[in-house]
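**Q** Would you mind keeping the following structure in view while I ask a few things?
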Amino acid sequence: MKFGTKAIHEGLNVDLPTGAIIPPIYQTSTYIQKTPGDHHGFEYSRTQNPTRTALEKNIAAIENAKFGLCFASGMAAIDTVCKLLVPGDEVIANNDLYGGTYRIFTKIYANYGIKFHFAEMDNAGSIEELVNDNTRLIWIETPTNPMMKIIDISMVSGIAKKNNILFGVDNTFATPYLQRPMDLGADIVMHSVTKYLSGHSDVILGVLVCNDEELAEKLAFIQNTCGGICGPQDCFLVMRGLKTLHIRVQRHSENGRIVAKYLKSHPKVDKVFWPGFEDHTNHVIAKKQMDDFGGMISFVLKEHSMDAAKELISKTKIFKLAESLGGVESLVGHPASMTHAAVPKEEREKSGLVDTLIRLSVGIEDAEDLIDDLKQALG
Ligand SMILES: *Cc1c(COP(=O)(O)O)cnc(C)c1O
């Protein structure tokens, strides 16, 4: 089955006497048992809920994975992966991670005796030199946030497999429509479903998918034990959003291409970071592992001052100034003070995230209006 068909149908055939085409919102905490242990597979909604199960199956299907688990947020999903680790374990991650991921690693789990290394992952050597007997997890995001670097998923997966290390990919920026890390050797794929998968800026939710049954059981054990689950209402909203994921991402990518090209040609713009440009450092890898380049773009102005960056950000009208990304509406953000404020300035600048960097999440409005908005804001 092709992507769009799967997004619309897979996992959603909740067997019902009414024949409802849409899985209902099972707003229930518990389920009646005939005699102890005699039930329909559902005992208590922290453990399982039919609305959540439908969503979990649906997302697993579009990521080409067997198992899916949904959580209260993307961070609750990452938290669950961290709980696979024990004191003494080491983790290698790319050096321009989402600020919240950097924060949970360095401010929470580092206190529990887990060691984190951050690497520029443009070549195998920079990862391999950090691998030792304690390395348990390699965690990457690609495209990276906000520098839009591309990491070769197959290359990293090769290193992980050779050294028997668990390999997780945060696929939030790319979406499974553009990139399927499971097919390239990832053990776990994670999403902030809040972003493109949900797509309508109205829900916070996270997901993990995997193929290994034992791993899925461990993750489900943590999910049930620690309880970071999402409610059925939110699952319903996400299922509704997912039905148009393929159409939305096509349009995000089309608009992204138009906006990136416009910015690149503008005399006031210095650099534009978008993996679709042939002169982007990692364009060849992007072309190899992605089906298109999406709607996330970062750029810096020729005038390297905070005032100039702030002025531009405050002047856009359609591009709303807000955290988050991946919704149908276009957003503009200032990573250094917003999404990446949790990352120390020295760390930020190591990966090229200067204070004057501006990030766009290009929505699915009419491209002409988006260009007009940027034109007036750039003055
Ligand atoms: C937003 C985001 C997260 C965190 O997800 P929440 O749903 O906000 O908890 C993790 N990774 C990336 C790449 C994100 O953009």
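**Q** Taking into account only those residues within segment 274-305 that are crowded, with 23+ Cβ neighbours inside 10 Å and aromatic (Phe, Trp, Tyr), which is farthest from residue 179 (Cα to Cα)?
**A** Looking at the filtered set, the residue picked out is 299.
**Q** Hey, any hits in segment 66-76 for a residue that's away from the ligand (no atom under 16 Å from the Cβ) and closer than 30 Å to residue 2 by Cβ?
**A** yes
**Q** With the condition kept exactly as written, say whether any residue in segment 165-176 is within 16 Å of the ligand (Cβ to nearest atom), assigned to a helix (DSSP H, G or I) and under 12 Å from the mean Cα position of the chain (by Cα).
**A** For segment 165-176, residues within 16 Å of the ligand (Cβ to nearest atom), assigned to a helix (DSSP H, G or I) and under 12 Å from the mean Cα position of the chain (by Cα): present.
**Q** Within segment 123-134, is even one residue in contact (Cβ under 8 Å) with a residue 12 or more places away in the chain and within 16 Å of the ligand (Cβ to nearest atom)?
**A** No, every residue in segment 123-134 fails to be in contact (Cβ under 8 Å) with a residue 12 or more places away in the chain and within 16 Å of the ligand (Cβ to nearest atom).
**Q** Sort through 208, 215 and tell me the only one that's under 23 Å from residue 42 (Cα atoms), of a type in the set (A, V, I, L, M), part of a helix (DSSP H, G or I) and modelled with pLDDT of 95 or more.
**A** Details: 208 fails: part of a helix (DSSP H, G or I).
Exactly one of 208, 215 is under 23 Å from residue 42 (Cα atoms), of a type in the set (A, V, I, L, M), part of a helix (DSSP H, G or I) and modelled with pLDDT of 95 or more, namely 215.
**Q** Oh, and also: Just a yes or no: is a residue in segment 180-189 in a loop (DSSP other than H, G, I, E, B), surrounded by 20 or more Cβ atoms within 10 Å (Cβ to Cβ) and touching a residue at least 40 places away in the same chain (Cβ under 8 Å)?
**A** Checking segment 180-189: at least one residue is in a loop (DSSP other than H, G, I, E, B), surrounded by 20 or more Cβ atoms within 10 Å (Cβ to Cβ) and touching a residue at least 40 places away in the same chain (Cβ under 8 Å).
**Q** Failed condition for residue 276, given (1) under 14 Å from the mean Cα position of the chain (by Cα); (2) away from the ligand (no atom under 16 Å from the Cβ), with all others met?
**A** All conditions are met except number (1).
**Q** If you scan segment 84-119, which residues turn out to be part of a loop (DSSP other than H, G, I, E, B) and either away from the ligand (no atom under 16 Å from the Cβ) or at positive phi (or both)? Let's see the steps before the verdict.
**A** Taking segment 84-119 as the starting set, the residues that turn out to be part of a loop (DSSP other than H, G, I, E, B) are 84-89, 95-98, 113-114.
Result: 84, 85, 86, 87, 88, 89, 113, 114.
**Q** Within segment 338-363, track down each residue that is in a loop (DSSP other than H, G, I, E, B) and either closer than 18 Å to residue 194 by Cβ or within 16 Å of the ligand (Cβ to nearest atom) (or both).
**A** If the condition is that a residue be in a loop (DSSP other than H, G, I, E, B) and either closer than 18 Å to residue 194 by Cβ or within 16 Å of the ligand (Cβ to nearest atom) (or both), then 338, 339, 340, 341, 342, 343, 351, 353, 357, 362, 363 are the ones that fit.
**Q** Then there's this: Take the residues in segment 204-213 that are near the ligand (Cβ under 9 Å from one of its atoms) and hydrophobic (A, V, I, L, M, F, W, C), then tell me which one is farthest from residue 57 (Cα to Cα).
**A** 204
**Q** Can I ask one more? Can you name the residue in segment 1-56 that is in contact with a His (Cβ under 7 Å, 6 or more places away or on another chain) and free of Cβ contacts under 8 Å to residues at least 24 places away in the same chain and is also nearest to residue 248 (Cα to Cα) among such residues?
**A** Top of the filtered list is 31.
**Q** Ok, one more. Being within 21 Å of residue 349 (Cα to Cα) and part of a helix (DSSP H, G or I) is the filter here; which residues of segment 294-315 pass it?
**A** Of segment 294-315, the ones within 21 Å of residue 349 (Cα to Cα) are 296-310, 313.
Residues satisfying the conditions are 306, 307, 308, 309, 310, 313.
**Q** Hey, residue 285 hits all of (1) outside the structural domain of residue 75 (by TED's automatic domain parsing); (2) part of a helix (DSSP H, G or I); (3) β-branched (Val, Ile, Thr); (4) touching a helix residue (DSSP H, G or I) at 6+ places or on another chain (Cβ under 6 Å) but one; which does it fall short on?
**A** With (1) outside the structural domain of residue 75 (by TED's automatic domain parsing); (2) part of a helix (DSSP H, G or I); (3) β-branched (Val, Ile, Thr); (4) touching a helix residue (DSSP H, G or I) at 6+ places or on another chain (Cβ under 6 Å) applied to residue 285, the lone miss is (4).
**Q** Moving to a separate point now. Which condition does residue 318 not pass, out of (1) surrounded by fewer than 16 Cβ atoms within 10 Å (Cβ to Cβ); (2) outside any helix (DSSP H, G or I), if it passes all the others?
**A** The single condition residue 318 does not satisfy is (1).
The values are calculated or read from the model by the stated rules, or taken from the named source; none is laboratory data. Fair warning: this is a prediction, and the values are worked out from it, not measured in the lab. Virtual Cβ from ideal backbone geometry, glycine too; neighbours counted across all protein chains shown.
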